[in-house]
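**Q** Dropping a structure here in structure tokens format, bear with me for questions.
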Amino acid sequence: MIEALRKVDTVGDVAPAHVQDPMTMVLRQKAIQADLMRWDDSRGFYVLTGTGRSRISARSRAPGVIIGLKTRSDRESGGPQRKAD
């Protein structure tokens, strides 16, 4: 599924338009039902939703990775401030 979402991000669909095999259709339908991608009328192809993008980025991180959150003061100063020993 992640590879299919990456193809949506680069090509605009899970497979080229001429490919109509059942597995491609199932992948497309599952991604739409899970709100991972949607059809964009103005562009004329599928685009990833925020959920789809987060699914791809979550998969690229190693399991168990702790993601540090910065507070407003950390962002303004460029990082967390530590006391010098």
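**Q** Could you tell me whether ARG53 is within 17 Å of the chain's Cα centre (by Cα), at pLDDT 90 or above and open to solvent by 60 Å² or more (accessible area, probe 1.4 Å)?
**A** Details: within 17 Å of the chain's Cα centre (by Cα): yes; at pLDDT 90 or above: no; open to solvent by 60 Å² or more (accessible area, probe 1.4 Å): yes.
Spelling it out, it is not the case that ARG53 is within 17 Å of the chain's Cα centre (by Cα), at pLDDT 90 or above and open to solvent by 60 Å² or more (accessible area, probe 1.4 Å).
**Q** Regarding ALA4, is this residue modelled with pLDDT under 80 and either part of a loop (DSSP other than H, G, I, E, B) or surrounded by 12 or more Cβ atoms within 10 Å (Cβ to Cβ) (or both)?
**A** No.
The values are calculated or read from the model by the stated rules, or taken from the named source; none is laboratory data. All of these numbers come straight from a predicted model, not from anything done at the bench. Note that we place each Cβ from the backbone using ideal geometry, even for glycine, and neighbour counts take in every protein chain shown. We work out accessible area using only protein heavy atoms, side chains counted, and drop any ligands, DNA or RNA first. Shrake-Rupley method; radii C 1.70, N 1.55, O 1.52, S 1.80 Å.
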